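Some notes on the structure that comes next.
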Amino acid sequence: MSLILDTIKSQEIVNHIHTRFEPRYFINKKILERAVLKSRTVMLGDIALLKSGSTPDHSNEINETYKVPFIKSAQIKKNQIDIDNLSFITEEEHQRRNNMHLKEDDILIANTGKFLGSACFITENNLPSTTNQNVARIRLTKDSSDINPYYLVAYLNSRIGQMQINSELTMTNQKYLNMDKLKKFKIPIPEKKELIYITKQTKKYISHDFESRNLLSKAETIFQDNLKVTPYKNSNISWTVNLSTFYDEQIFTPMFTNPDIINTLDSIINNHRSIKLSDIVEISKGNEVEGKDKKELLEKLSSDIPFIRTTDFVNSELDLFPDYYASQDIYDEFEQDTNYGDILFTKDGKIAQVAIVNSSDKMIIASGIARIRMTNTDYCSPEYLFITLKNKYIGQLQALKSTVVGANIPHLKEYRILDFDIPLMDKDIMDQISKLVKDAFKLKDKKNELLENINNCFKAIYKIGY
C-alpha cells in the first residue's frame with residue numbers, strides 16, 4: 001500500500017465529521033481541489049437527469065430464456081457492459097417498466113457492489129434494456145452544451161473521476177454512492193481541443209469494443225453451426241453407476257457419470273476428429289498475492305502490475321481495471337511468463353471463463369486461473385482452441401463434468417482440463433475461425449491503446465498520476 005502524507009486543517013475535519021472521518025476522504029478532496037483549480041466546472045445535476053432502476057420479481061427474471069437485457073451493477077465494468085453474464089426479463093415485464101427504459105447515449109454507473117463507481121456507455125447495440133436499483137442512469141439534457149456523453153463516461157472512469165467518486169461514497173455496512181451526492185458532482189470542462197480529443201478517442205474505443213465482440217460472436221456461431229452435437233438437456237434426475245467408477249477415476253461427483261453429459265460429449269467425439277488437450281498444450285496455474293502486497297486502483301503506482309482474479313474476466317478478455325495491483329517486484333518473483341496467445345481458463349469459483357492474453361497485456365494471474373500454452377500447433381491454432389474452450393459443450397460442459405465443490409467453492413483440477421477432448425473441423429473452417437479471432441484481438445489491442453491515450457490526456461490536464 002502506498003503511503004501518502006498531507007496536512008488537513010482541524011476545522012475542515014470538524015465540518016465533515018458526520019460525512020467521512022477517513023484520511024482518504026480528505027486527501028482525495030484536497031487533490032481534487034488542486035487538480036480542477038483552473039478549470040470551469042458544471043454540476044452533474046444541472047446538466048443531466050439522474051434516475052435509478054428497480055428490481056423485477058425474481059419470477060420474471062430468468063437468464064437467457066427471455067429476450068430483454070436486464071443490466072445489474074455486477075455487469076457494469078469501466079467503459080463496457082459484461083455481455084456474457086447478463087440477466088434477461090420478458091418483453092411484458094420490460095413494457096411495465098416503461099419509465100426505466102434506457103436510451104442511446106445514456107451513461108450507467110454502478111452505485112454499490114464490487115464494481116461501484118464503474119461507468120459505461122449505452123449504444124443502440126445495447127437496446128432495448130433496463131436496469132436495477134443499484135445502477136444510476138445519467139441522461140444529459142439540452143443544458144449540457146459544454147459536455148457530451150463520451151467525455152463524461154471517460155471522465156468518470158478516469159483516475160480523477162474515480163477519486164471524486166471515492167470521496168463521495170456513503171460508508172455504512174456496504175459502500176454506496178448516494179444519488180443526491182452524485183447530482184452534486186463537479187465535472188471539470190477542459191479546453192475545447194482536449195474535449196474533442198477525448199471524445200474522439202472514446203468514440204473509437206466504443207466502436208472497436210463492439211466490432212471485436214461482433215467478430216468473436218461470428219467465430220462462435222461458425223463453430224457451433226459446424227459442431228455436430230446432441231444437445232445437453234439434463235433430463236435425468238437419477239441414474240445408476242458402479243461405485244468402482246468413482247474409485248477408478250478418483251472423483252466423487254454425480255456430474256462425472258451424468259448420462260446426458262456423457263451422451264452429448266460422445267456425440268461430438270463420434271462426429272469429429274478429436275485430440276486430447278494434453279497432446280497440444282502445457283498448463284500451469286497462477287499465484288496468490290498476499291493482502292499486504294495488494295493495491296487498489298487509487299493506490300497503485302504507474303509501475304504496478306494488474307493482479308487478475310477469476311472475477312476479472314469480461315467479454316472474453318481481461319478487465320483493464322481489476323480490483324487489485326501488485327508491484328513489479330512481486331511480478332518478477334512469481335516469474336509467471338504469460339505470453340501473447342496464452343489462454344487463461346478459470347478453474348475455481350466461476351469455472352470455464354476464457355480469455356486470450358493479448359500483446360498489450362501484462363499481468364499477475366491468481367491461483368484460481370490456469371494458463372494454457374500451446375506446445376503443438378500442427379492440429380489447430382491458439383485462436384481456434386480459444387473458441388473451442390469458450391463453447392458451452394467443449395469447455396463448459398467438460399468442466400462441469402469434472403468440477404468438485406470444496407468449502408462451498410467449485411474447483412477444477414488442472415489434469416482434468418488436460419483430459420478435455422478437442423474436436424477438429426475441416427481446415428478451411430478452422431482457418432476462418434482463427435482469422436476472426438485474430439482480427440478481434442487486434443481490435444482489442446487498439447482499444448487498449450486508445451484507453452491509454454485517454455488516461456494520458458487526463459493525466460496531462462489535471463496533473464494526477466496513473
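No lab work stands behind these numbers, since they all come straight from the coordinates. Quick caveat: nothing in here was measured; it's all calculated off a predicted structure. Here the Cβ is made from the backbone with ideal geometry for all residues, glycine too, and neighbour counts use every protein chain on show.
Assorted remarks:
- The label point for D426 and the one for Y379, both projected 7 Å from the Cα toward the Cβ, are 2.1 nm apart.
- Per-residue ³J(HN,Hα) for segment 384-396, Karplus 6.51 cos²θ - 1.76 cosθ + 1.60, θ = phi - 60°, Hz, x for Gly and Pro: 5, 4, 4, 5, 5, 5, 7, 5, 5, 8, 7, x, 6
- Which of K193, K438 has the fewest Cβ neighbours within 10 Å, and the rest in rising order: K193, K438
- Sequence-distant residues sharing a close amide H with V314 (under 5 Å, placed H): D319
- Cα-based shape type of segment 113-242, given that a ≥ b ≥ c are square roots of the gyration tensor eigenvalues and the cut on a/c is 1.5: oblate
- The 3J(HN,Hα) values that the Karplus relation (6.51, -1.76, 1.60; θ = phi - 60°) gives for segment 174-189 are, in residue order, 9, 5, 8, 9, 5, 4, 5, 5, 4, 5, 8, 4, 8, 9, x, 9 Hz. Gly and Pro appear as x.
- In this structure, the residue pairs whose Cα-Cα separation is over 19 Å, taken from K294/K446; K200/K447; K193/K459; K392/K446; K362/K390; K276/K438, are K294/K446; K392/K446; K362/K390; K276/K438.
- Taking the charge dipole of the chain about its Cα centre, with +1 at Lys and Arg Cβ atoms and -1 at Asp and Glu Cβ atoms, the residue from L152, L215, L116 reaching farthest to the positive side is L152.
- In order along segment 338-348, the Karplus-derived 3J(HN,Hα) couplings, from 6.51 cos²θ - 1.76 cosθ + 1.60 at θ = phi - 60°, round to 7, 10, 4, x, 5, 9, 9, 9, 6, 10, 10 Hz, and Gly and Pro are given as x.
- Of all aspartates and glutamates in the structure, the ones whose alpha carbon falls short of 15 Å from that of K401, not counting any fewer than 8 places away in one chain, are E249, D260, D266, D348, E414, D419, D421.
- Cut-off 15 Å between beta-carbons: net charge of the residues surrounding F441, Lys and Arg +1, Asp and Glu -1: -1
- Under 5 Å between amide hydrogens, built in the peptide plane, is the criterion, and for I369 it picks out G286, K347 among residues at least 5 positions away or on other chains.
- Dipole magnitude (debye, nearest 20) for the chain, charges at Cβ of Lys, Arg, Asp, Glu: 1840
- Under 5 Å from the amide H of D106 lie the amide H atoms of I122, each residue being 5 or more positions distant or on a separate chain, with H modelled from the backbone and absent for Pro and chain starts.
- Whole-angstrom Cα spans of segment 217-427 along principal axes, big to small: 55, 42, 26
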